[in-house]
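What follows is a set of notes on a single structure, which appears directly below.
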Amino acid sequence: MHSVHSIPGGIHPPENKTQSLGKAIAPLPLPARLVLPMGQHIGAPAKPLVAVGDRVLKGQPIADAAGFVSAPIHAPTSGTVTAIDDQPVPHPSGMKARCISIEPDGKEEWIVHQGVGDYTALDKAELLELIRSAGIVGMGGAGFPSAVKLATDKPIESLIINGTECEPYITADDMLMRERAADIIAGARILGHLIKPGETLIGIEDNKPEAIAIMRQAAEGSGIEIVTFPTKYPSGGEKQLIQIVTGKEVPSGGLPADIGIVMQNVGTTAAIYRAVVHGEPLISRITTVTGDAVAVRGNFEVLLGTPIQHLLEHCEFDAGAASRLIMGGPMMGFALENTGIPIVKTSNCILAPSRQELPGEVPAQACIRCAMCAQACPVSLLPQQLYWFARGKEIEKLEAHQLFDCIECGCCSYVCPSNIPLVQYYRAAKANINKHKQDNQRSEIAKARFEARQQRLDREQAAKDAKRKARAEKAKRAKAAGGDAKADVVQAAIARSAAKKASQDPAQAAIERAKSARSGGQPATTPEQKIAKLEQRLATAIEKRELAKGSGSDKLDAFEASVTTLEAKLATARSELPAQTVTTPKAKVPDSDPAQAAIERAMAKRAGGAPSESPEQKLAKMEKRLATTRKKLAQAQAEGSEHVEILQQSVQKMEQKLEQAQRQLAENT
Amino acid sequence: MAFLRVTSPHAHTVQDTASVMRLVLYATIPGIIALTWFFGFGTLVNIVWAGFIALVCEAAILKLRGLPVGFYLKDYSALVTATLLAIALPPYAPWWVVLVGVAFAIIIVKHLYGGMGHNPFNPAMAAYVVLLISFPVQMTSWAAPLHTLVEHPLPPGPLEAISINFGLLRDGVDAITMATPLDILKQNKSLMMEDLWLANPQFGLVGGRGWEWANLAFLAGGVFLLARRVFTWHAPVAFLLTLALMAGFGYDSGSSQSGGSPLFHLFTGATMFGAFFIVTDPVTSAVSNRGRLVYGAMIGLLVYIIRAWGNYPDAVAFAVLLGNFAAPFIDYYTQPRTYGHG
């Protein structure tokens, strides 16, 4: 027997699992419409491969992975693509995101697919590609692309298959283990072949005796060991299960692979088996529907994209009796804001509790520091202290008390006698700190930039002074050399300056420039160019973010923020586009011919009567500076320099300034 | 059904602050019965009177602070403070002593420091210390236990207690008070322990007469609260062990210089009451398990030091206040090791 270790804290909420364990996993009739979000996983949303009106076959890829940390999406049944637009998706914020809608034709016509007869003949890369292209992601809740997790080249001591399912109400994994134990074991063997672990363990809580017995039987002779341990929430958390079965702790901020461990959920493992041996991509999953507000409780094989409404109708949902609708369990699930939201790869449960089961929010009382939360915390934090610090926005103390190691399991809130929504405070505090860090970073960059500029100016001034001094001395020496020579020197200087004037007359240059602009040159940036550039930058930023995700970089948040900013900018630029195309010519009407203006400007300058700096000159100067900065930016991007961000910001600023100046000019004239 | 935008967790235990406070109140019942049996109805009279003052003060302050009165009164915290202070007071302390004490505890120590959950000092103990310093005579006249006074073998009944406490029979109070065992021990300079025991009827089997039973009853109440997980064992056990250990060092098997045996210290005075009802006050103690071990041990140490060498016979209130001072400091150095941190 494999020894198990205990974890600190934890709670024993009512399990409420029997309600949904009465029946076998049942199929569901085809819904009228399937809605497939492009982001059903951690990482970049998939890119649609189909167009509205296309007919798709069951299992056909309809969206491809966009980057390394991403996953493709397949048509769950045959039918027609009816829309590619933004729809409400499963997310705590109730947001909308890009989805492909399919109207099933009822024929369930499969695409040609074929499994691999002998996967042991495949090398690691081929096997990983099979898993990746089947769109398999962690089905326990996180949705991390499995192929990315399995691509680790670190030596793996333990492969742990997670069949814990510690959240109350949910029984999807339990039923899967009871009915498809052989699939899970076969999947575990594929994973074993892939990462060559020292041992393969399947962890199951001891409240599932049927599943344990069946799994033990299925695992016989395979060398895979079933490890059971006492039921306690949150034993099924990745970090917690690792601690239970190995006694090791994943270092803060690290990955399980860092300590030689890879973990996969049982559902994911079974899906990997289907993908490799049968060639079937991930197009359905087992979802528990339970709670007192549905009359039919049980587990269903649900096609991805099935609207929850369809599931609820099938289970005779009583909206009047329900206190809320939850996707996931009562501890970590999130409340849904409408029933049109689809089932995705990570949807393990739809919970429709009655008001008696999960009553509404109770007003919070004062914290009395009873420390029941600290007793319940599975990662040994001091939740009551974090709460006080979060309320006081004491960022340093929050970090010193390891706020970022909080796994948001909800144990503290569950036990709090004062009904304080502790986890909510921590989420808000984490978001605040991340924002604060970004602001700090930004001001650091600005400071560095300012100081660098100051240094450069000083340097230039010093160089200028030195030159002047040298010239003065030279002149002095020449003067001392005598009268004859002097005349020659003066003559030479005059000739030199004339030559210089001929070749480098700025006015002449300006005239030529203006002429060339008139003859077909474009203004420096059209809005279209700007948008294209923004798009390009957004793509780069997304790629970087995914890279950061893949490597678990701590700059992830920064990248994330830059992606959102860029998206916002792009949106504004797009929305401004029609307006601008109208206004641009209008603005140009007064000085209808910029070239003419430039010529006049240059002439005036040559005549010597121009003001020290006319707005037009200012504009030209700005354009020049912008061009230089752009060049620098391109170079920095090519070199992957760390100044890219600074340069990008300055380009933006200049663009803004330029635009402003143009507008001003138009108004003045 | 409303589609609420609520965040996890959705489930919650049935336990709330009021139920925790009620449990604490229930757990004092055995101790109150023992005190009443041995020292008469004075304590009960004080509890009722103190509870009334506490509710009035709490309601008034809540109203002044603009907080919902009913919502906060229902958490029973004012009643707990009042009950604990009333238990600590001498059973026949005059009514105005109780009034000053409870008002000070609720208005100043609790609410002026921020109210429920924000007070750095234990309200009952801070009020006790204020009373002890302000009214030393009234605060050190403890009732004689059952069957120790020849002319007054039975302690006062309910009516007698009310009339004594509310000043109608104030002169009678001297007739029913005696030095407590801790007083006697403190004054003793010449007698061996055995002789001291024989010379004074206030001593019982191992501790003070009556006191030892009251302590046992409070211990029972404490064990009940432990079993109901209202608090953890860390602070009370550290407190009792340290006190016993110190007493062991100071006990030279009974010379006239002896400080009393470990059992005597455990079952006399406010030891068990302090261990399970005062040291365990969550608001004013250290927060982590390790912190509570340190906190309890520190108070145990201070209790013995003050009992043995201080000016006051008992020391729980002073020791707890000093512990309250140190709690944030203890917290700083006893933060538990979080998962994933070496």
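The values are calculated or read from the model by the stated rules, or taken from the named source; none is laboratory data. Quick caveat: nothing in here was measured; it's all calculated off a predicted structure. When we count neighbours, we look across all protein chains shown, and the Cβ atoms used for this are built from the backbone with ideal geometry, even at glycine. The area values use the complete protein model at the heavy-atom level, side chains included, leaving out ligands, DNA and RNA. Shrake-Rupley method; radii C 1.70, N 1.55, O 1.52, S 1.80 Å.
Using heavy-atom solvent-accessible surface (probe 1.4 Å) with all chains present, what is the largest-first order of A:ARG216, A:ARG630, A:ARG471?
Working: A:ARG216 95, A:ARG630 45, A:ARG471 150 Å².
So the residues, ranked largest to smallest area, are A:ARG471, A:ARG216, A:ARG630.
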_Rolling a 1.4 angstrom probe over the protein chains, ignoring ligands and nucleic acids, what is the accessible area of A:THR564 in square angstrom, nearest 10?_
80 Å²
*Estimated Rh, the protein assembly as shown: Kirkwood, alpha-carbon pairs, angstrom*: 35.1 Å
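Could you calculate the contour length gain from A:GLU535 to A:ALA26, that is, 0.36 nm times the residue separation minus the distance between their Cα atoms, to one decimal place in nm?
That works out to 178.7 nm of additional length.
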*How large are Rg and Dmax for chain B when only the alpha carbon atoms are used, in Å?*
20.9, 80
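What does the structure give for B:282-291 when I average, per residue, the other chain Cβ atoms found within 10 Å of the residue Cβ?
Mean number of neighbouring Cβ atoms from other chains: 4.
Apply the a/c threshold of 1.5 to the C-alpha gyration tensor of segment A:299-347 and tell me whether it is rounded, prolate or oblate.
On the way: a/c = 1.65, a/b = 1.12, b/c = 1.47.
In terms of gyration-tensor shape, oblate.
Averaging over all projection directions, find the projected area of the Cα convex hull of segment B:229-342 and quote it in nm² with one decimal place. Let's see the in-between values first.
Details: hull surface 32.3 nm².
Across all orientations, segment B:229-342 yields a mean hull projection of 8.1 nm².
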*Using a 1.4 Å probe on the heavy atoms of the protein chains only, list every residue of segment A:359-375 that has 30 Å² or more less accessible area in the complete assembly than in its chain alone.*
A:GLU361, A:GLN365, A:ALA366, A:ILE368, A:ARG369, A:CYS370, A:MET372, A:GLN375
*Cross-link partners of A:LYS232 among lysines (Cα-Cα below 27 Å; sequence separation of 8 or more within a chain)*: A:LYS17, A:LYS23, A:LYS149, A:LYS208, A:LYS248, A:LYS345, A:LYS430
*Accessible area per residue, 1.4 Å probe, Å², for segment B:16-177: what's the number?*
41 Å²
*1.4 Å probe, heavy atoms, protein only - residues of segment B:53-99 losing at least 30 Å² accessible area vs chain alone*: B:PHE71
*Give me the accessible area of A:ARG449, 1.4 Å probe, in Å² rounded to the nearest 10.*
80 Å²
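Calculate the tail of P(r) for segment B:16-177: the fraction of all Cα-Cα distances greater than 20 Å, expressed in %. Write out the running numbers ahead of the final one.
Working: 6516 of 13041 pairs.
The answer is 50 percent, as a whole percent.
Nearest 500 deg cm²/dmol is fine: what mean residue ellipticity at 222 nm does chain A get from its DSSP H runs of n ≥ 4 alone, each adding -39,500 (n - 2.57), divided by its residue count? Provide the component values of the computation, followed by the final result.
Values: 20 runs with 320 residues, N = 669.
After summing the helix terms and dividing by the residues of chain A, the value is -16000 deg cm²/dmol.
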_Going 7 Å from the Cα of B:SER253 along its beta-carbon direction, which residues of segment B:187-201 have the amide nitrogen within less than 16 Å of the resulting point?_
B:192-195
*Average partner chain C-beta neighbours within 10 Å, per residue of A:415-423?*
5
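So, counting K/R as plus one and D/E as minus one, what does the shell of residues with Cβ under 15 Å around A:ALA172 add up to? All intermediate terms of the calculation are to be shown ahead of the outcome.
Numbers: positive: A:LYS17, A:LYS23, A:ARG178, A:ARG180, A:LYS208, A:ARG285, A:ARG297, A:LYS345; negative: A:GLU15, A:GLU165, A:GLU167, A:ASP173, A:ASP174, A:GLU179, A:ASP183, A:GLU205, A:GLU210, A:GLU301.
After counting each charged neighbour, the total is -2.
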*For A:GLN356 and B:LYS74, what does the FRET efficiency come to when R0 = 25 Å and r is the distance between their Cβ atoms, rounded to the nearest 0.05?*
0.65
*Residue farthest toward the positive end of the dipole of chain A, with Cβ of Lys/Arg at +1 and Asp/Glu at -1: which of A:GLY141, A:GLY360, A:ALA661?*
A:ALA661
_Quick check for me: using +1 on Lys/Arg Cβ and -1 on Asp/Glu Cβ, what's the dipole size of segment A:212-332 about its Cα centre, in debye to the nearest 20?_
220 debye
*Put A:LYS124, A:LYS657 in order of accessible area, largest first, 1.4 Å probe: what do you get?*
A:LYS657, A:LYS124
*What are the residues of segment A:240-280 that lose 50 Å² or more of accessible area, with a 1.4 Å probe, going from their chain alone to all protein chains?*
A:GLU249
*Cysteines without a disulfide-compatible neighbour (Cβ-Cβ under 4.7 Å), chain A*: A:CYS99, A:CYS166, A:CYS315, A:CYS349, A:CYS367, A:CYS370, A:CYS377, A:CYS406, A:CYS409, A:CYS411, A:CYS416
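Quote the charge dipole size of chain A about the Cα centre in Debye, to the nearest 20; the model charges only the Cβ of Lys and Arg (+1) and of Asp and Glu (-1). Numbers along the way, then the final one.
Numbers: 82 positive and 76 negative charges, 1008 e Å.
Dipole of chain A, to the nearest 20 debye: 4840 debye.
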_Please report the accessible area of A:LEU57 (heavy atoms, 1.4 Å probe, ligands and nucleic acids excluded) in Å², nearest 10._
40 Å²
_All-pairs alpha carbon distance profile, segment A:108-189, 10 Å steps from 0, percent_ = 13, 40, 37, 10, 0
*Could you sort B:MET139, B:MET178 by accessible area so the largest value comes first, with the probe set to 1.4 Å?*
B:MET178, B:MET139
_Whichever aspartates and glutamates have a C-alpha closer than 17 Å to that of B:LYS186, once near sequence neighbours (fewer than 8 apart) are set aside_ = B:GLU194, B:ASP195, B:ASP252, B:ASP314
_To check you understand DSSP bridge types, tell me what percent of the beta bridges within chain A (both residues inside) are antiparallel, rounded to 5._
60 percent
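What is the gain in length, in nm to one decimal, between A:ASP258 and A:THR628 on full extension, counting 0.36 nm per residue of separation less the C-alpha to C-alpha distance? Intermediate values should be presented prior to the final figure.
Working: separation 370, 0.36 × 370 = 133.20 nm, distance 4.50 nm.
Extra length from A:ASP258 to A:THR628 when fully extended: 128.7 nm.
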*Cross-link reach list, aspartates and glutamates versus A:LYS476, counting only Cα pairs under 16 Å and skipping chain neighbours closer than eight places*: A:ASP484, A:ASP488
*asked:* Could you report the buried accessible area between A and B, both sides summed, computed with a 1.4 Å probe and given in Å² to the nearest 100?
replied: 4400 Å²
*Fully extended, how many nm does the chain gain between A:ASP465 and A:GLU220 (0.36 nm per residue separation, minus their Cα-Cα distance)?*
79.5 nm
*Any idea of the accessible area per residue across segment B:179-334, 1.4 Å probe, to the nearest Å²?*
42 Å²
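Over segment A:169-288, with the other protein chains present, what is the accessible area per residue in square angstrom, probe 1.4 angstrom? The partial results should precede the final answer.
On the way: 3560 Å² over 120 residues.
Result: 30 Å² of accessible area for each residue.
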*asked:* Please report the carbon-and-sulfur percent of the accessible area for the protein assembly as shown; probe 1.4 Å, protein heavy atoms only, DNA, RNA and ligands left out.
replied: 59 percent
